[in-house]
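The values are calculated or read from the model by the stated rules, or taken from the named source; none is laboratory data. What you see is a predicted model; the values in this text were computed from it and never measured. Virtual Cβ from ideal backbone geometry, glycine too; neighbours counted across all protein chains shown. Areas reflect the complete protein model, heavy atoms only, side chains present, ligands, DNA and RNA absent. Shrake-Rupley method; radii C 1.70, N 1.55, O 1.52, S 1.80 Å.
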Amino acid sequence: MKNLQIAVLLTAVFLSSLLTNAQTECASFILSQEDIGLSSETFGVSLADFDGDGWKDVVTIDAYDRIELYFNNGDGTFNTTPIVLGGNYWRFGVEVIDIENDGDWDFITSPFSSSSGNGMEIWENDGAGNFTLKGTMVNNSSGYEFAVGDLNGDGYTDVFFPHGDVSIMLNDGTGNFVSNGQTNIYVSSPEGVTLADFDADGDLDAVLVRGGGSGFVGKYFINDGTGQFIDSGQELSYGCEGVDAGDIDGDGDLDIVIAPWNGSVHFWLNDGLGNFSSGDVLSEVSGFFNDIILEDINFDGNVDVLTDRNIWLNDPDNPGSFILQDFTMSASNHDFEVADINNDNLFDIYLGRFSSSDGDIVYLSDEPTFIDETATICYGESIFLQNDWQTEAGVYLDYVDCNTLTRTTLSIYDEINIEVTLVEGTLTATATGVDYQWLDCDDDFNPIDGETSQSFTPTFTGNFAVEITENGTCTSISECYLVIYLGINDSTIDEFTLYPNPTNGVFSLEVSSDLFLSTGQCNLKITDLTGKTIINYQLSNKHSEIDISNQPAGIYFMIIQTDKGSIVKKIIKI
């Protein structure tokens, strides 16, 4: 198999300029399948692992008839006999969504015609790829593409649907959707939307676009954090079909890319606060576009531009400069998706073909040269791979040059068992076959000299933990455990008394003169049963009045610590 070629950009240029001295075969794909849905005119496309076998399946909209599911054969090809869902209603868009956070992928469709009356359909997965119609919403409407995301910050995925109006449907957590009640969002006949946090305030904002000519503008709406949207007053281009968000220029904020029905791809650049200025255009090719996707397909940390016809790769040395690749897709279509279809960790393309005689197309990414490496980290740690901090085992790819990737297989050591038992003053770690070091929690977790066995019996009252080292490299520390040392106890010591005991909270302490004379220090501490210190100070008088009346009723320990040991007295507060 030929090597996948990844961008090496030799000359930094502006987007609108002709690019020279650049490799234009750095994005290479192989036609894998073109017979999916031979008699279906595909509108919407969405990929997900519906049956839980680890391979991406696809749901498509047969434009004027039905919903079709095609399952992955487990080799990157799709079974061409569809599972057919729904009646012969006109639908357009489809988005995968976990409607109730149960771990499997459901999907929602948008209506293409209001005459069906069904509106948006919510299809629920049983976890094995079997779907039932859960319900409908926004009935008697018609629209095109829509977007899903958590719009009000409650952890559940909501729906933003542009149609004759804009409907914002909030998920109640059970997969039932309720309108947010907003009626003041207006864009003339919107056809597409992208959701992203453009103003960096932690919630999803929206950019809506409209196909057509002059006068049909795209608009940017700001989320107030509750799922209510405010018109920013910014108008972003016109005559638009596809829209997506990503960091185009590598400055850390999210920009916007818009593809027109007929013209050049246009960028709108973010200042980091959600204020957009017109950027450059990809003018090397003008044509008809129906969709556009920003994705880092060569793993260099910069988003690339994919339309339903062309691919432009972003320059890793000059982010925001792009090179048109030789690879093209030539088929009438309305939607496509980019995902790993054959489980080789590379990005592939599913192109929904709008044809009654030709099926949908799958392009698999041509395989590059791999430099294989392995890495293992401790549980809870992270490592920077594939342009992000990774904490889960898996295979991660990183850009080397136009036809080479580093492929790192990451493993994670198991979580260390830090359970400890306390029996009759002895602490014992549960873990075996590891290294131990007991620590004094009251002394800034400093190691206790010589205490490196599985069990530890303290010779003074305090709070103690164990540090466990496993695999020679991974360490973890247990919680702290209070141990009351009774080496000098109530039955053998008469050097101090306290009264009354039980007490309502106020009691007296009498310390003998001999105790002060025989020790270099004399410290008083009172703790509760958890080891939390209530009172802690240096004793200077033989008689003290102590007040713990602000503490709840229960058992407490008074500990007098000297350089010769600890004296412990149990206090009962009533």
- Query: What tally of residues in segment 317-336 results from selecting those that are touching a residue at least 60 places away in the same chain (Cβ under 8 Å) and part of a loop (DSSP other than H, G, I, E, B)?
  - Reply: 5
- Message: Looking at N101, N118 in this structure, which one is open to solvent by less than 40 Å² (accessible area, probe 1.4 Å) and not in a strand (DSSP E or B)?
- Response: N118
- Message: Restricting to segment 52-77, name every residue that is assigned to a loop (DSSP other than H, G, I, E, B), surrounded by 17 or more Cβ atoms within 10 Å (Cβ to Cβ) and over 28 Å from the mean Cα position of the chain (by Cα).
- Response: A63, D65, T77
- Query: Does segment 320-339 contain any residue that is open to solvent by 30 Å² or more (accessible area, probe 1.4 Å) and of a type in the set (G, A, S)?
  - Reply: yes
- Query: Any idea which of (1) assigned to a strand (DSSP E or B); (2) under 17 Å from A27 (Cβ atoms) is the one T374 doesn't satisfy?
  - Reply: (2)
- Scanning segment 530-542 for residues that are touching a residue at least 24 places away in the same chain (Cβ under 8 Å) and within 45 Å of the chain's Cα centre (by Cα), which turns out most open to solvent (accessible area, probe 1.4 Å)? T530
- Message: Residue pairs, Cβ under 9 Å, 6 or more apart or interchain, first in segment 177-195 and outside any loop (DSSP other than H, G, I, E, B), second open to solvent by 60 Å² or more (accessible area, probe 1.4 Å). List them.
- Response: V178/D172; G192/Y144
- Query: Among the listed residues T60, T80, T136, which satisfies the condition of being touching a residue at least 12 places away in the same chain (Cβ under 8 Å) and closer than 20 Å to T174 by Cα?
  - Reply: T136
- Message: Report every pair of residues separated by at least 6 positions or lying on different chains whose Cβ atoms are under 7 Å apart, first residue within segment 505-529 and over 13 Å from H543 (Cα atoms) and open to solvent by less than 20 Å² (accessible area, probe 1.4 Å), second acidic (D, E) and at pLDDT 85 or above.
- Response: G505/D547
- Task: Pick out, from segment 400-467, the strands (runs of 3 or more DSSP E) lying fully within it that include 2 or more residues that are open to solvent by less than 30 Å² (accessible area, probe 1.4 Å).
- Result: 404-412, 426-429, 435-440
